[in-house]
Amino acid sequence: MAWRWIKLCMLLSLCTTSVIVSDEVPTAKCADFNNTTWLEYKQRTKVQVQYLLLTRKNADCASLFTQDCLNHTQQHTAYFNSTLPTKVIVHGYRAIGTKPSWVSGLAQALLQKEDVNVLVVDWIFGASFAYNLVAENYKEVALQISILINQLTTYGSTLESFHVIGVSLGAHVAGFVGTLFAGKLGRITGLDPAGPMFKNADPFDRLDPSDAMFVEAIHTDSDYFGISIPVGHVDFFLNGGMDQTGCARSRFASMYGYVICDHMRALHVYISALNSSCALTGFPCSSYEDFLAGQCTNCDKAFNGTCPQIGLLKNSGITVSPLPKQEKVYLLTTSEVPFCAHHILIELKVSPLEKRAEVQVTLISMSVAKTEQKLRLQTDKTVYKKVVGHPEGLCKIDSIQVKNAGLFYTQGNIHFEYICITEIPKMRPLCVNNINVGRGAPWSYDFVQLC
């Protein structure tokens, strides 16, 4: 990185200490985000950035991490510990200049998971109102963050110890910070990286795998506010990367439900992954359609058998070397916290049909959880596969129901040579053989199994 000219900006110093020097609780007022108004926005002359610090010693009361001195006597700076990893949270576009409400939840989840410093970047003044102008500010914000990180390295932190987590436009801020350090930062996580003005941008100008030692992205709104192309070493596309379960599809729904629910789902799934004990596992595949069609049921080829997981595992849990680049992985989620779905492969074989048919397969658990999947059967095909997301694991599926859902002009009686369900990555399947299902006479089977 060309630090020669950046050092000219080092008049921006910061108050920090290389170790925790005090266990006393500061009496200063808790720091908070700036809010901005339209009038302040019009009068601004430069991007204003401030930093809020949270650690396990002040998890409920952020301290302002100032850049105006190196005065170690300021009590609030005693919390920063350069021997610990540092998580840097960068918010994205703020349409009306208000602070993001989700920051506390993400910071608390990180602190509960690991003993770290959490630095929250507040650039509300540069991130509000006109999106096209905000998109022009992100490199200046990244430069200021890079100055902060570089200064911290002189007090004992290492570049590898920094993990920058960027939400929406904040993901590209994180990417440019990584570019300034020539990809030597430890990790970058992009939570539905912004798409408008970035999809066709040069990799230098957006998040890409060269920005850190490991770059991951979670995509949930790739058809609207999020970017549709892979930008990390591993890219998680939840439910195909668009149209998330539980988000409203009607414009008559709430503004949140219709406009930004899909976009913000990446953030909420990430927080849930930090808080939850269930795994959110992705499967590499060439397309979402192939994934749903049961063509990608393991991680043997891309990751030597270890599937990546959303969360804080090193390199998302994958151990292959060198790391892949822009590897798309797919997973299904439920509509509510903790969002974890068990991937169940439904496979069935029918005897040749004279007419087309439609069947509905229902998986039922004792918890009254139900998953329904319709399959259209053709006359020139006998084997069908479909991956579905079920709230419970295979061993908790108590019964399976099959219903002939076709109309009068479709096949009336259907003979199944077998119906199998398997939890992927591949587990031992549960199969039922030689089944006849007629129109108006649903078939069901109860499994006897224990977890």
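The values are calculated or read from the model by the stated rules, or taken from the named source; none is laboratory data. These figures come from a predicted structure and were not determined experimentally. Ideal geometry is used to build each Cβ from the backbone, glycine not excepted, and the neighbour counts take in all protein chains shown.
Observations on the structure shown:
- Screening the stretch 167-190 for residues that are of a type in the set (Gly, Ala, Ser) and in contact with a Ser or Thr (Cβ under 7 Å, 6 or more places away or on another chain) and picking the one that is farthest from LYS99 (Cα to Cα) gives GLY183.
- Residue match in the stretch 390-411 (condition: surrounded by 15 or more Cβ atoms within 10 Å (Cβ to Cβ) and in contact (Cβ under 8 Å) with a residue 60 or more places away in the chain): no
- Among the residues making up the stretch 111-145, those that are within 21 Å of the chain's Cα centre (by Cα) and surrounded by fewer than 22 Cβ atoms within 10 Å (Cβ to Cβ) are LEU111, GLN112, LYS113, GLU114, VAL116.
- Check on LEU238, in contact (Cβ under 8 Å) with a residue 24 or more places away in the chain, among the aliphatic types (A, V, I, L, M) and touching a Lys or Arg at 6+ places or on another chain (Cβ under 9 Å): yes
- Scanning the stretch 368-387 for residues that are surrounded by fewer than 19 Cβ atoms within 10 Å (Cβ to Cβ) and in a strand (DSSP E or B) yields LYS370, GLU372, GLN373, LYS374, LEU375, ARG376, VAL383, LYS385, LYS386.
- In the stretch 204-239, the residues that are buried (at least 24 other Cβ atoms within 10 Å of the Cβ) and over 22 Å from ARG265 (Cβ atoms): ASP208, PRO209, ASP211, ALA212
- Criterion (surrounded by fewer than 14 Cβ atoms within 10 Å (Cβ to Cβ) and either assigned by TED's automatic domain parsing to the domain that holds ALA109 or assigned to a helix (DSSP H, G or I) (or both)) met by exactly one of GLY311, GLY305: GLY305
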